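The values are calculated or read from the model by the stated rules, or taken from the named source; none is laboratory data. Values in this document were obtained by computation on a predicted structure and should not be read as measured data. Heads up, the Cβs are rebuilt from the backbone with ideal geometry, glycines too, and the neighbour counts pull from every protein chain shown.
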Amino acid sequence: MVRTGIGYDSHRLEAGRALILGGQRIPFDKGLVGHSDADAVAHALTDAILGAAAAGDIGKLFPDSDPEWKDADSLQLLREACELVRYRGFIPRQADITIIAERPRLGSYFPAMAEALSRATGIPVTSLGLKAKTNEGMGFVGRGEGIAVIAVATLESS
Ligand code: MG
């Protein structure tokens with residue numbers, strides 16, 4: 001049996017924070033704000049994988065009221081979510097991710113992001129799609145106030 005899940009995440013951009021996406025530290029004058037490292041790529045993918053298994057969501061598993069997840073490495077949260085779905089009998093097989101950001105340009109970081117996401121999920125890099133789009137200047141993304149990510153993941157019954 002094949003199951004599909006969708007995940008969405010967004011975080012505000014602020015000066016004085018590191019920009020971390022897909023586990024990569026990306027040089028930029030702003031970074032994403034959050035309780036964890038605010039890696040919206042890891043968060044959207046985590047929700048897609050959890051959603052495919054009907055296993056809740058990232059906020060339920062790793063509540064931001066819990067000091068344990070303060071500045072947490074979101075790849076570790078992704079790894080733990082994959083362990084949970086494996087325990088429930090599902091194997092992550094494939095994911096497709098779209099990052100919506102007006103700046104910076106992200107394409108050159110995709111190979112490193114795919115490697116990191118592959119290590120965390122067990123999904124082969126050849127089955128991890130990564131894309132980036134601007135929002136054509138519209139809305140909070142267009143104004144450079146934040147970054148949004150949409151992810152879809154496919155799991156197979158083990
Ligand atoms: Mg998030």
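Brief remarks follow.
- Pair list, Cβ under 7 Å, 6 or more apart: region 83-110 residue on the phi > 0 side of the Ramachandran plot and touching a residue at least 60 places away in the same chain (Cβ under 8 Å), other residue part of a strand (DSSP E or B) and of a type outside the set (Asp, Glu): GLY89/SER157
- Elements of type helices (runs of 4 or more DSSP H) in region 49-158, at least 1 residues being at pLDDT 95 or above and not aliphatic (A, V, I, L, M): 74-87, 110-121, 139-142
- Residue count for region 57-84, restricted to those that are away from the ligand (no atom under 14 Å from the Cβ) and in contact with a helix residue (DSSP H, G or I) (Cβ under 6 Å, 6 or more places away or on another chain): 2
- Remark: pairs (first residue in region 26-37, part of a strand (DSSP E or B) and modelled with pLDDT of 90 or more; second residue surrounded by fewer than 17 Cβ atoms within 10 Å (Cβ to Cβ) and aromatic (Phe, Trp, Tyr); Cβ separation under 9 Å; 6+ apart in sequence or on different chains) are absent.
A quick yes/no check of all residues on (1) surrounded by 22 or more Cβ atoms within 10 Å (Cβ to Cβ); (2) touching a His at 6+ places or on another chain (Cβ under 9 Å):
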{"residue": "GLY7", "(1), (2)": "yes, yes"}
{"residue": "GLU14", "(1), (2)": "no, no"}
{"residue": "PRO27", "(1), (2)": "no, no"}
{"residue": "SER36", "(1), (2)": "no, yes"}
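- Filter result (near the ligand (Cβ under 10 Å from one of its atoms) and among the charged types (D, E, K, R)) within region 24-43: ASP37, ASP39
- Residue in region 88-101 that is more than 23 Å from ARG143 (Cβ to Cβ), surrounded by 13 or more Cβ atoms within 10 Å (Cβ to Cβ) and either within 16 Å of the ligand (Cβ to nearest atom) or of a type in the set (Val, Ile, Thr) (or both) present: yes
- As a summary of the residue check, THR154 satisfies the conditions (1) under 15 Å from the mean Cα position of the chain (by Cα); (2) more than 17 Å from THR4 (Cβ to Cβ); (3) crowded, with 17+ Cβ neighbours inside 10 Å except for the one numbered (2).
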